[in-house]
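Since the structure comes first, as structure tokens, the remarks are kept for the end.
Readers should treat all values here as calculations from the given coordinates under stated rules, not as data from a laboratory. From a predicted model like this one, the values you see are computed outputs, not experimental measurements. Counting neighbours? That spans all protein chains shown, and the Cβs are built from the backbone with ideal geometry, glycine included.
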Amino acid sequence: MTPIPYAAIQDIPLVDDEAVRERVADLLVGACGRELWFMPLDERQCQLRMLVPVDVSPRPTERQAARFGALLAEIASGSGSREMIVAFERGGGETVGQGDRAWFRLLAAVFREAGIRMRGPVLVHDHGARWVALDDYA
């Protein structure tokens, strides 16, 4: 698991895509494994002190789609959040591959179905963090 410097979680609204990307880059320094990270935000768009990492496979399965729907509902219920940052950590470069696209499409659908706003996704790779635009995976 990637070490998280909780001091990097500050009570600052993350109002645009670059602010979200920078926060993820501050928290997840380089890729250490293959994980999805869920980071709930409050009503002011400030990050809550809650980070939920989940180990994932190179490509999503139907079983994982159902699992993430339940997980998002649980995080939203426990945190009161209706908006979350999602980061996908995996080794390699910043180029978005087929497996990455499959994960991002699945996440977008799961967030939409749950009625939770997805901030991101942000791809955490060996050399940093990259904002992934909808055009990169839709």
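Stretching the chain fully between residue 105 and residue 49 yields a gain of 17.5 nm (0.36 nm per residue, less the alpha carbon separation). Under a Gaussian network description of the chain, with springs only between Cα atoms under 10 Å, the residue in 89, 113, 22 that fluctuates furthest is 113. For the chain, what percent of Cα pairs sit more than 18 Å apart? I get 50 percent for the Cα pairs in the chain exceeding 18 Å. So, R0 is 41 Å and r is the distance between the beta-carbons of residue 61 and residue 12; what FRET efficiency does that work out to, to 0.05? Plugging the Cβ-Cβ distance into 1/(1 + (r/R0)^6) gives 0.65. Highest GNM mean-square fluctuation among 112, 23, 90, for the chain modelled with Cα contacts below 10 Å: 112. A Förster radius of 25 Å, combined with the Cβ-Cβ distance separating residue 70 from residue 19, puts the computed FRET efficiency at roughly 0.30.
Within the shell defined by Cβ-Cβ distances under 11 Å, the residues around residue 88 carry a net charge of +1, with Lys and Arg each +1 and Asp and Glu each -1.
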